[in-house]
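Scroll down for the structure; my scribbles are underneath it.
Please treat every number below as a calculation from the coordinates, not as lab data. These figures come from a predicted structure and were not determined experimentally. Here the Cβ positions follow ideal geometry from the backbone for every residue, glycine too, while neighbour counts run over all protein chains shown.
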Amino acid sequence: MKITYISHATLLIEVDGINIVTDPWVKGSVYCNQWHLFPKPLHPEKIIDADIVLYSHGHEDHLHAESLQMIDKKAKLLYPYSWYGGTTEFFKELGFGDVKEVVNEQTVSVAPDIKVTYLSNNLDNVIILEVKGKVLVDINDALPSASQGLIRYFIDKIKSRWKKIDYIFSSYGGAAYFPNTVHFKNKNDLEIAETRELFFVSNFCDIVAALKPTFAIPYAVDFVLLDDHQRWVNTAKFPREDIKDFYEKRTGGNTGVQIIEAYPEDYFLDDQFHKCSPYHSKSTIRELISRIDVDYKKEIEAKRNEKNISPDELDRVLEKIKSHIRAKAYIIPESVRTHIKFALKITNASGNNILNVDFRNGDAKFEIASQPSSDVDLRIELKSQTIEYAIDNEWGGDAIIIGYGAEIFLNHEDAVKLEYENYCVRLLSRYPNTKEYLKKTPYRAMKYLLSDDTKRRNLVNRLFGRHDKVIEYTDPKLGDRDLWLNKGKCEVCKACNI
């Protein structure tokens with residue numbers, strides 16, 4: 001078996017003439033041109049002859065249509081069964097006829113001596129690939145941000161079924177907008193961003209130490225931001241070259257796991273790591289980041305030369321936003337909504353490019369102006385194409401929530417503690433309402449629920465008031481606004497046990 005690291009979360013696994021590709025994103029950008037592959041893949045064409053494509057989840061940096069269209073349409077696509085539908089139809093519209101949704105914990109045989117199992121963490125999934133007695137666990141984004149209870153639950157489940165693990169591939173960094181694009185008076189953005197990355201790499205180490213694979217490969221955070229005002233985020237990432245030493249210090253160095261620093265074109269062949277990527281000659285990821293101006297010159301110039309939209313186009317966009325806010329206002333509880341007033345700035349427009357939105361007296365009142373009102377709770381800044389993408393597409397809000405598509409500036413303490421920014425950001429998206437969606441597709445919802453032991457247990461425990469037994473999916477500390485916006489590094493580390 002040969003495992004080649006292509007880029008981000010994309011692996012090429014070759015066995016007996018069968019090519020298996022995971023989560024192909026090998027070209028272009030994602031989230032409205034906000035994330036760019038870093039380091040760049042050297043041979044993206046290697047995915048073209050894939051026989052089997054395994055998807056972990058539907059985020060654009062994993063399910064990337066432009067990259068998928070490179071692949072031979074005869075390929076078999078596997079996708080985890082979820083409470084929402086439409087993915088199979090999407091794949092078939094692209095020309096793929098052999099598509100299978102795999103139910104949680106169901107093991108399917110995709111070729112002789114090759115089996116695949118999905119383990120669901122809500123919309124994220126762990127992929128277990130068994131190849132001729134070898135076990136590869138592709139954690140990708142499913143666990144590093146999970147609650148400690150859920151991490152322990154998954155570790156126990158994996159260890160009970162797969163006694164010996166040969167490879168673990170896992171992300172080790174964060175992607176969501178909070179807290180990096182949220183700004184408050186005394187918050188040190190860089191320090192807090194670095195601390196947040198430390199949180200994720202600590203979870204990576206703890207998960208690996210518990211599962212004890214032969215090899216552990218940190219990956220799936222291979223992107224950079226190129227807008228001038230966001231490039232500082234690139235420097236906050238935990239350096240890949242430091243993970244091995246960090247792991248040894250955190251675990252005491254007695255686990256027997258080999259932490260591998262891998263880059264595009266590095267590969268494993270019969271359990272031997274071949275360090276052949278030319279990126280190793282750059283010495284460190286820090287050096288690669290320092291070369292962004294050279295290596296991404298065209299992309300940066302294109303961003304700096306973007307033209308503002310016209311006044312007429314701005315008027316159209318603002319009217320569209322107003323209509324959307326009126327329709328979606330119900331998603332914010334009335335007890336919260338009636339206290340909020342915020343400003344929305346379209347950054348690729350001039351003149352009256354501010355929309356002041358006031359819920360304080362009931363229904364939304366709008367004012368188009370050149371400046372935010374003096375009494376707004378917060379200001380949200382984003383490009384017209386980002387907000388339109390979020391409004392027009394069911395999961396388009398990912399461009400803001402994951403893709404760093406908006407900068408948010410909070411004006412007072414209540415806006416922090418009452419999470420006004422969280423409500424307002426989601427107000428600007430068109431995410432499907434879970435309860436409404438499940439009512440439309442009850443059969444699918446029931447099938448999904450019956451296959452997910454965690455969700456079943458949580459549902460029963462909530463029904464019987466046993467809230468202390470409910471397992472949180474995401475670590476609640478990650479969403480603690482007061483912790484990440486009001487506290488310094490030492491306080492955050494103490495609270496998160498880093």
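Before moving on, here are some points about what is shown:
- For the stretch 311-427, DSSP calls about 75 percent of its internal beta bridges antiparallel.
- Projecting label points 7 angstrom from Cα along Cα→Cβ for Asn188 and Asn122 puts them 3.0 nm apart.
- Couplings 3J(HN,Hα) of the stretch 300-315, computed from phi: 5, 4, 4, 5, 6, 9, 4, 8, 5, 6, 6, x, 5, 5, 4, 4 Hz, in residue order, whole Hz [Karplus 6.51 cos²θ - 1.76 cosθ + 1.60, θ = phi - 60°; x for Gly and Pro].
- Helix 189-211 axis, angle to the chain major axis (alpha carbon atoms, nearest 10°): 30
- Shape class for the stretch 297-428, computed from the alpha carbon gyration tensor (a ≥ b ≥ c): prolate, with a/c not under 1.5 and a/b above b/c.
- Computed over the chain, relative contact order equals 15 percent, with contacts defined as Cα pairs under 8 Å that lie 6+ residues apart.
- Taking the longest Cα principal axis of the chain as reference, the axis of helix 148-161 is set at about 20 degrees.
- Separation in nanometres of the label points that stand 7 Å from Cα toward Cβ, at Asp49 and Glu301: 3.6
- Scattering curve values for the stretch 129-226, log₁₀ I(q)/I(0), Debye with Cα scatterers, q = 0.14, 0.18, 0.21, 0.23 Å⁻¹: -0.58, -0.85, -1.05, -1.19
- Calculated P(r) of the chain - Cα pairs past 38 Å, %: 26
- Estimated 222 nm signal from helices in the chain, with DSSP H stretches of n ≥ 4 weighted -39500 (n - 2.57), rounded to 500: -9500 deg cm²/dmol
- Pairs spanning more than 18 Å between alpha-carbon atoms, out of Lys341/Lys365; Lys185/Lys365; Lys185/Lys489; Lys27/Lys297: Lys185/Lys365.
- Dimensionless Rg/Rh of the stretch 394-486 - Kirkwood Rh, Rg from C-alpha atoms: 1.04
- Separation of the Lys469 and Lys157 label points, Cα + 7 Å toward Cβ, nm: 1.8
- Between 0 and 90 degrees, the angle of helix 442-451 with respect to the longest Cα principal axis of the chain falls at about 50 degrees.
- Pairwise FRET efficiency - Lys132 versus His280, Cβ, R0 = 30 Å, nearest 0.05: 0.55
- Straight-distance candidates among the aspartates and glutamates for linking to Lys447, with alpha-carbon spacing under 13 Å and chain neighbours fewer than 8 residues away dropped: Glu101, Glu105.
- For the stretch 40-47, the Karplus equation 6.51 cos²θ - 1.76 cosθ + 1.60, evaluated at θ = phi - 60°, returns couplings of 5, x, 9, 9, x, 5, 5, 7 Hz by residue, with Gly and Pro reported as x.
- Entries in Lys345/Lys477; Lys132/Lys212; Lys159/Lys439; Lys237/Lys328; Lys237/Lys275; Lys249/Lys487 that, when Cα-Cα distance is taken, lie over 28 Å: Lys345/Lys477; Lys159/Lys439; Lys237/Lys328
- When Cys496, Cys276 are sorted by how many other C-beta atoms sit within 10 angstrom of their C-beta, beginning with the fewest, the order is Cys276, Cys496.
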